[in-house]
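Derivation of every value follows stated rules applied to the coordinates shown; laboratory data play no part. Keep in mind that this is a model prediction, so the values were computed, not measured. Heads up, the Cβs are rebuilt from the backbone with ideal geometry, glycines too, and the neighbour counts pull from every protein chain shown.
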Amino acid sequence: TMSGKFGRVLPLLRKVPGYTGVRIHPGNDQDDTDGCLLPGLHKGQDVVTESRAAFALLDELIESALEIGEVWIEIEGVPE
């Protein structure tokens, strides 16, 4: 859906317990997110890198899957 904050279409995660507006978008650290998922090709202590490249790959996968039907993402192993 269209993100007002980013001014572009971004994946929106639905049915996230206790949250609304959770998206997947490029970013590198906690300053770049308010609970959204930040993809990265590499990870370090509290940081991901090459996020734009990772997002481009993920976006391509999502777009391809949308041609077939709905896209579902399951998040596992989330710390409480």
Percent RCO, i.e. relative contact order, over the chain, from Cα pairs under 8 Å lying at least 6 residues apart: 16 percent
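Taking N as the number of residues in the chain, what is its alpha-carbon radius of gyration divided by 2.2 N^0.38 Å?
Numbers: Rg = 12.8 Å, N = 80, 2.2 N^0.38 = 11.6 Å.
So the Cα radius of gyration is 1.10 times the expected 2.2 N^0.38 Å.
Kindly state, to the nearest 0.05, the FRET efficiency for Asp46 paired with Glu74, given R0 = 25 Å and r defined as their beta-carbon distance.
Numbers: r = 24 Å, r/R0 = 0.95.
Approximately 0.55, to the nearest 0.05.
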Spin-label point model (7 Å from Cα, Cβ direction): what's the Tyr19 to Leu58 distance in nm? 1.1 nm
